[in-house]
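Written below as structure tokens is the structure these notes are about.
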């Protein structure tokens, strides 16, 4: 039993080298695919999708800007993360790149607002950690490419914006000025950046976990339970 507990502790320690604590894993730039929207060929207006793997759950959180201050909640500080205020669209459901904003609202898969704690680690020192509240996007049974959908704060306009729509120009009215994914945070997460009119960058990150695996709180609870069982077994042997 000691070996089992030691192995679990070792797995947790090793997983911290990845920038996020298991069972979560990071997306990389290779998981994002860009395309030019007709009529908007500049880089900051490009459409982009996120590739997700089968049998995984995808979670969104605020990005890590410091390991010495609490990570602000994404909800109410950056976006509206209430149920049915953020979600995604399958790329296969949007075959035409020239669809206008609002014409594909019925294709949005809205999230239910479920949350958990995600622990990020510093790329320079895995012993330095910080927790963020994570919001479940969905669980995916098949490999998929998705467009991400968010709702800005009421003070930012309260608009539903996404990684597919047109950005603002003379022919398209929206508060979305740009979108990019070309930088990473202090934990190595890809920063998804929506530029919102008059307020600037509104950023978040995405991570994923194997479906059906316990999240961090349940993992440590299970380890504690194993330790309790081991101690009880030793007591029975002594008696």
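Where a number appears in this text, it was derived from the coordinates with a stated rule and is not lab data. Predicted, not measured: the structure shown is a model, and the values here were computed from it.
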Legend entry - Potential extension, residue 103-residue 55 segment - 0.36 nm per residue separation minus Cα distance: 14.3 nm
Inset, instruction - For region 79-121, count the residues as N, evaluate 2.2 N^0.38 Å, and divide the Cα radius of gyration by that value, please. - result: 1.51
Legend entry - Cα pair count fraction exceeding 20 Å, expressed as % - region 23-182: 54
Legend entry - Relative pair counts by distance (%), Cα atoms of region 113-159, 10 Å bins: 19, 29, 37, 16
Legend entry - Cubic angstrom per residue, convex hull over Cα atoms of region 139-212: 128
Inset, instruction - Multiply the residue gap between residue 35 and residue 84 by 0.36 nm, knock off their C-alpha separation, and tell me the result in nm, one decimal place. - result: 15.0 nm
Legend entry - For region 85-153, fraction of C-alpha pairs farther apart than 16 Å, in %: 61
Inset, instruction - Any chance you could check the Cα centroid distance between region 19-49 and region 141-194 for me, in angstrom? - result: 10
Legend entry - Full-stretch length increase - residue 66, residue 114 - with 0.36 nm per residue and alpha-carbon distance subtracted: 14.8 nm
